[in-house]
Amino acid sequence: MINRKLILFAIFLLLLLALPFVISGYWLRVLTQTFLFAAIATGSDIIIGYTGYPAFGNIAFFGVGAYVTGVLMTKYGFSFAATLPLCALSGIILAALLGIPILRLKGHYFAIATVGVMETIRELIDNMTELTGGGLGLTLPIMSGEPEYIYKFFYFAMLGCMLFALLISFIISKVKPGYALRAIRVDEDAASVMGINTPVYKTFAWALSAAIVGISGGIYAYWLSYIDPHTVFVGTYSVKMFAMILLGGAGTVMGPLLGAFILELISEFVWSKFIAIHGMVLGLLIILIILFIPKGIFQTFKGGFSFRKLMANLKENSL
Amino acid sequence: MEILQILINGLLLGGFYALIGVGFSLVWGVTNIINLAHGALALLGAYITFYMFQELNIDPFLTIPVSFVLLFALGYIIQRYVMNLVVKAQIFILLILTFGLEIFLVNFMTTFFSADFRSVTPEYAGKSLMLGDIVIPYIRLGVFVICVIIAFVTGLFLDKTWTGKAIKATSLDIEAAMMTGINPAKIYAITFGLGTALAGVSGTLLTLTQAFSPNIAGGLTLRAFIVAILGGLGRVEGALVGGLVLGVIETFSSYVIGESYKNAIAFGLMVVMLVLKPSGLMGRKYYAEVKH
C-alpha cells in the first residue's frame with residue numbers, strides 16, 4: 001500500500017518536472033499559482049489540521065514574507081535567494097511572539113484574533129511608507145533573462161517551495177512532536193495531563209506553518225515583481241486555503257495539496273469561462289464544499305463515489 | 001470645546017456601530033455562528049434604500065421597514081435551508097461557509113449594482129443643530145436616535161415576548177429548550193433573520209452618513225465583530241456599550257494619531273480585549289458562553 005502511494009507520488013512528481021518543457025506560458029502560470037496555494041495550504045495545515053487551531057489570518061505571514069523579500073531586495077540590495085531564509089525567520093519570530101498571547105484563545109476567538117493580526121499588520125505596512133512604499137506599493141527588481149526562462153524559474157521555485165512544505169508535513173506526520181500536535185487537537189487538557197507542554201507545541205506548530213507561508217510569500221513577491229498591501233494581505237486567499245484544506249482532508253499530508261490542485265484548477269476554469277461572475281461562482285463553490293464534503297473527498301469517497309454519502313455528510317451536522 | 005465635539009462625534013458614530021453590532025452579536029451568542037457575511041447583508045439594505053430613494057424618491061428614513069422585512073426574510077431562508085444543515089459542525093466550517101456567502105454577495109452586488117461609491121443625499125442633508133461651538137448634523141443625530149431605539153426595542157423583544165424568551169432559552173440550553181417544545185431549527189432561523197434584518201437597517205442608515213460600495217462589506221463585518229467582542233456576546237446592552245466605546249476610541253485616535261491608523265487601533269483593542277477578558281465588558285458567564 002505504502003509502495004503504491006510512493007509510486008503514484010513519484011509519477012506525479014516526474015510529470016510536474018517534465019511539464020514545463022511541453023506546456024504553454026499560460027499553463028505554466030496556472031500551475032505556478034497552484035503550487036503557491038498548495039504550499040500555503042500544506043503549511044497552514046500544520047496549525048489548522050494537525051493542531052486544530054483555525055488560523056484564519058495565516059495569510060498575514062504570506063504578506064510579511066512578501067514584504068521581507070520586497071524591502072530587502074529593493075532597499076538593501078539582497079539577492080532573491082538570500083531573502084528566503086529571512087522570510088521564514090520573520091514568520092517564525094512573528095508567530096512565536098504573537099503565539100504567547102493569541103494561542104491561549106480557542107475556536108472562534110483564535111480564528112478572529114488572527115484576522116485582527118492580519119489586518120493590523122496590513123495597516124502598519126500601509127503606513128510605513130518610507131520603507132514599504134505604503135499604498136503606492138513596492139516595485140521589485142525584475143529578473144533578467146528571457147521570459148521563457150523566468151516562467152520556468154518561478155515554476156520550479158514554487159514547486160520547490162511546495163515540496164518543502166510537503167516534506168515538513170510528512171515529517172510532522174511521522175515524528176513524536178507530530179503526535180503531540182494531534183493530541184492537542186483531540187483534547188488539549190488531556191494532552192496537557194499526559195505531559196505535553198501544550199503552549200510550546202502550539203507555538204512550534206504555528207511558527208513552522210508561518211515559516212512555510214512566509215517563504216511562499218517571498219517567492220510570490222519576486223514573481224509578481226510588484227506588491228502592495230492589498231495584493232498580499234488578501235482575505236480571499238485565507239478562505240480559499242481553508243476550502244482547499246477541507247476539500248482534500250485536514251490533518252493529512254497530501255490532502256491540502258490535492259485540494260489546492262482541484263480547487264485552483266476549477267477556479268481557473270471558471271475564471272476563463274465566466275469572467276464576469278467568477279467571484280459569485282467561487283463563493284458558491286466554497287458553500288457547496290462546506291455543505292457536502294467538509295471531511296474531504298478522500299475520506300468521503302473511500303469506497304467509491306455515491307450521492308448517498310454526500311447526503312449523509314449533509315445530514316450529519318444538521319439541526 | 002474641541003474635545004467635547006470629538007466626544008459627540010464619537011458617540012454619534014458609536015450609535016451606528018452599536019446597531020450593526022447588535023444583530024451580529026445576537027446571532028453569534030445564540031447560534032454560535034460568526035456571520036462573516038453580516039457586512040454584505042447590511043449593504044443589501046443600503047442598496048434597497050439607495051434604489052428606493054433614487055428611483056421612487058422615497059425618504060431614506062421611511063425605507064427602514066422595507067429593509068427590515070426583506071432582509072428578515074432573506075436571513076430566515078439562509079438559516080433555515082443552508083446554515084441549519086451544518087450548524088453542529090466544527091466552528092471553522094461555519095466560518096468558511098459564511099465567508100463563502102460573503103464572497104458571493106459582494107460579487108453579486110458588484111456585478112449588478114456596480115462597484116461605484118454611492119450615497120444618498122436628501123434635501124435636509126446639510127442642516128445641523130448648533131449648541132454654542134458644537135455642531136451636530138440632524139441626520140447623524142437622527143441616525144443615532146433610531147439606532148438606540150432599535151437596539152432598545154430588540155432588547156425588549158428578547159426579554160418580554162414568547163419568541164424572544166425562546167431565543168434566549170435556546171441559547172442557554174438547546175436540549176432543555178427542545179424539551180419544552182421549542183423547535184430550535186425555527187428559533188435559529190428567526191434569530192438569524194432578526195440579525196440580518198438589523199444588519200439591513202444599519203445598512204439603510206449607513207447610506208445617510210457615508211458613501212458606500214460593495215467593497216466596504218468586510219470593514220463593516222469587522223466593526224460588528226469588534227463591537228460584539230468589546231461588549232460581550234449575545235447581549236443587546238453589550239453591543240450598545242461596545243458600539244459607543246468603539247466609536248469614541250476610533251474618533252479620538254483618528255484625531256490624536258491620525259486617520260490611517262484607525263483600523264490598527266480598533267483591531268489592537270479587540271485583540272487586547274480577547275486576551276484579557278474574552279467575555280467582553282458586559283458579558284456574563286452563563287449567558288451566551290462560547291461553546292467550542
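A few points about this structure:
- Dipole axis of the protein assembly as shown (+1 Lys, Arg; -1 Asp, Glu on Cβ), positive-most option in A:Ser169, B:Gly132, A:Ala211: A:Ser169
- Region A:164-239 - Rg over Rh from alpha carbon coordinates, Kirkwood radius: 1.11
- The protein assembly as shown, dipole about Cα centre (Lys/Arg Cβ +1, Asp/Glu Cβ -1), debye to the nearest 20: 1880 debye
- In this label model, A:Phe170 and A:Leu19 are separated by 1.8 nm, measuring between points 7 Å along each Cα→Cβ vector.
- Long-range tail of P(r) for chain B (Cα pairs > 37 Å, %): 11 percent
- Couplings 3J(HN,Hα) for region B:20-32, derived from phi with the Karplus relation 6.51 cos²θ - 1.76 cosθ + 1.60 (θ = phi - 60°), are 5, x, 4, x, 4, 5, 4, 4, 4, x, 8, 9, 6 Hz, where x marks Gly and Pro.
- Column: log10 I(q)/I(0), Debye, Cα scatterers of chain A, q = 0.16 Å⁻¹: -1.47
- Projecting the Cα atoms of B:Tyr188, B:Ala37, B:Ile77 onto the charge dipole of chain B (Cβ charges, centred on the Cα centre) puts B:Tyr188 farthest toward the positive pole.
- For region A:49-115, the share of alpha carbon pairs falling in successive 10 Å distance bins from zero is 20, 43, 24, 12, 0 percent.
- Most fluctuating residue given options A:Leu166, A:Leu97, A:Leu138, as computed from a GNM of chain A linking Cα atoms under 10 Å: A:Leu97
- With all protein chains modelled, accessible area of A:Thr129 [1.4 Å, Å²]: 80 Å²
- Dipole in debye (nearest 20) - chain B, about Cα centre, beta carbon charges: Lys, Arg +1; Asp, Glu -1: 760 debye
- Cβ crowding within 10 Å averaged over residues, with A:65-78, B:64-77 ranked highest first: A:65-78, B:64-77
- Annotation for A:Thr231 and B:Lys127: the two label points, set 7 Å from Cα along the Cα-Cβ direction, are 4.9 nm apart.
- The protein assembly as shown - percent of accessible surface contributed by carbon and sulfur, probe 1.4 Å: 69 percent
- Annotation: amide H of B:Ser128 within the under-5 Å range of B:Tyr138, sequence separation 5 or more or interchain, hydrogens built in the peptide plane.
- For region B:89-214, convex hull volume per residue from C-alpha positions, Å³: 163 Å³
- Difference of contour (0.36 nm per residue) and Cα-Cα distance, B:Ala185 to B:Ser119: 20.0 nm
- Label-to-label distance, nm, for residues given as A:Lys106 and B:Leu141 (7 Å Cα→Cβ offset): 5.0 nm
- Kirkwood Rh, Cα atoms: Rg over Rh of the protein assembly as shown: 0.97
- For A:His278, the accessible surface of its heavy atoms amounts to roughly 70 Å² (probe 1.4 Å, protein chains only, rounded to the nearest 10).
- Look at the stretch A:293-304: the mean tally of other chain Cβ atoms within 10 Å of its residues' Cβ atoms is 1.
- Shielding of peptide B:218-226 by partners, expressed as the average count of other chain Cβ atoms within 10 Å per residue Cβ, is 2.
- For B:Lys168, the aspartates and glutamates whose Cα falls under 14 Å of its own Cα, not counting residues fewer than eight places away in the same chain, are B:Asp159, B:Glu289.
The values are calculated or read from the model by the stated rules, or taken from the named source; none is laboratory data. Predicted model, so just to flag it, every value in this text is computed and none were measured. When we count neighbours, we look across all protein chains shown, and the Cβ atoms used for this are built from the backbone with ideal geometry, even at glycine. Heavy atoms of the whole protein, side chains included, go into the accessibility calculation; ligands, DNA and RNA do not. Shrake-Rupley method; radii C 1.70, N 1.55, O 1.52, S 1.80 Å.
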